[in-house]
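Single-structure report; data block below.
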Amino acid sequence: MRIKVNGVELCVQTLGNPADPPVLLVGVTTSSWPDELVAALTGRYIVRYDLRDAGESTFVDPDAPAYDLRDLVTDTSELLLALDLGRTHVVGMGVGGFIAQLLALDHPDQVASLTLVSTRPVAPGPVDADLPDHAPELLGQLFGRPQPDWTDRGSVVDYMTDSARLMSGTRGFNEQDARAAAGSVFDRAGRTAEAQRASHLGTMFAAIDCRPRWRERLGEITAPTLVIHGEEDLFFPHGNGVALAAEIPGATLLTLPGVGQGLPRVTWPVVVDALLRHTS
């Protein structure tokens with residue numbers, strides 16, 4: 001379904017009984033969260049959505065967005081209001097974790113609990129001196145390759161599967177899952193190169209204004225917080241998760257051994273159990 005918020009339309013998917021505790025999953029698109037993983041979160045009312053300029057939501061120009069990070073946070077806040085969810089368990093992954101952190105800071109009455117997956121406490125760009133940055137060898141491998149034909153499904157699926165392999169860690173790569181995820185993202189997005197890059201890579205985050213900083217405010221978060229981070233994450237290295245858990249009062253850190261970015265299938269038994277306990 002499509003819901004109008006903050007001057008845009010967001011494409012939203014829901015699963016489960018609306019009477020159950022609501023859990024909002026924030027990534028770049030709904031496909032950031034595999035269907036099987038979502039289905040395993042039994043006894044929860046799950047909400048997923050496509051960010052603006054991604055998936056099937058309002059698309060204008062992700063390469064020159066006329067909005068900032070706080071607008072994306074307002075989108076999320078107004079979506080919770082439109083769905084009449086009340087206090088909601090919020091799970092943010094990767095750059096979706098930026099939105100989740102700011103939602104907990106700026107709209108604390110809407111957040112029942114916070115889970116931060118494979119993310120960091122600072123915006124795109126140079127990191128703070130005490131935080132580990134993207135591994136240079138990973139960036140060289142990711143961005144030193146020829147770009148795919150972003151309008152060709154097979155080319156994009158091959159390219160994103162290779163990206164998943166590079167970022168997965170020693171235990172995390174599953175080619176079948178990686179290809180299915182890339183195909184799902186491709187099918188949801190517009191057929192232009194700009195739309196595909198935004199949906200697969202979240203390129204709008206590289207262009208939007210993410211100021212002001214929020215790391216110094218992490219001590220204000222009152223929602224019970226779970227930080228989930230792969231021990232072998234080379235994109236947002238594990239030290240970023242350690243910092244989040246240390247700076248958010250009472251936060252718990254769940255480290256995933258042998259895992260890089262995201263929540264590959266091998267982690268699902270542990271992660272589902274942790275999420276169900278955290279959102280109970």
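The values are calculated or read from the model by the stated rules, or taken from the named source; none is laboratory data. Small disclaimer: the values here were computed from a predicted structure and weren't measured. Note that each Cβ is placed from the backbone with ideal geometry, even for glycine, and that neighbours are counted across all protein chains shown. Only protein heavy atoms, including side chains, enter the accessible area calculation; ligands, DNA and RNA are left aside. Shrake-Rupley method; radii C 1.70, N 1.55, O 1.52, S 1.80 Å.
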Inset, instruction - Take each of the peptides 194-206, 93-105, 77-89, average the number of other beta-carbon atoms within 10 Å over its residues, and list them starting from the highest. - result: 93-105, 194-206, 77-89
Inset, instruction - Express the carbon and sulfur contribution to the solvent-accessible surface of the chain as a percent, rounded to the nearest whole number, probe 1.4 angstrom. - result: 54
Inset, instruction - Treat each spin label as a single point 7 Å out from the Cα along the C-beta direction, and report the ASP130 to ASP84 distance in nm. - result: 4.6
Inset, instruction - Compare the Cα positions of THR203, VAL47, TYR159 along the charge dipole of the chain (+1 at Cβ of Lys, Arg; -1 at Cβ of Asp, Glu; about the Cα centre) and return the one farthest towards the positive end. - result: VAL47
Legend entry - Top positive-direction residue, dipole computed over the chain with Cβ charges, set THR267, GLN147, GLY94: THR267
Legend entry - Table column - 3J(HN,Hα) (Hz), the range 44-60, Karplus curve with 6.51, -1.76, 1.60, x for Gly and Pro: 10, 8, 8, 10, 10, 8, 8, 4, 4, 6, 8, x, 9, 7, 3, 10, 10
Inset, instruction - Please give the per residue accessible area of the range 147-205, computed with a probe of 1.4 Å over protein heavy atoms only, in Å². - result: 45
Inset, instruction - Rounding to the nearest 20 debye, state how big the charge dipole of the chain is about its Cα centre with +1 on each Lys and Arg Cβ and -1 on each Asp and Glu Cβ. - result: 360
Legend entry - Dipole magnitude (debye, nearest 20) for the range 145-271, charges at Cβ of Lys, Arg, Asp, Glu: 120
Inset, instruction - Treat every Asp and Glu Cβ in the range 1-59 as -1 and every Lys and Arg Cβ as +1, leave all other atoms uncharged, and give the resulting dipole magnitude about the Cα centre to the nearest 20 debye. - result: 180
Inset, instruction - Set Lys and Arg Cβ to +1 and Asp and Glu Cβ to -1, take the dipole of the chain about its Cα centre, and tell me which of LEU131, PRO21, GLY219 lies farthest positive. - result: PRO21
Legend entry - Euclidean distance between Cα centres, the range 70-86 to the range 182-198, Å: 24
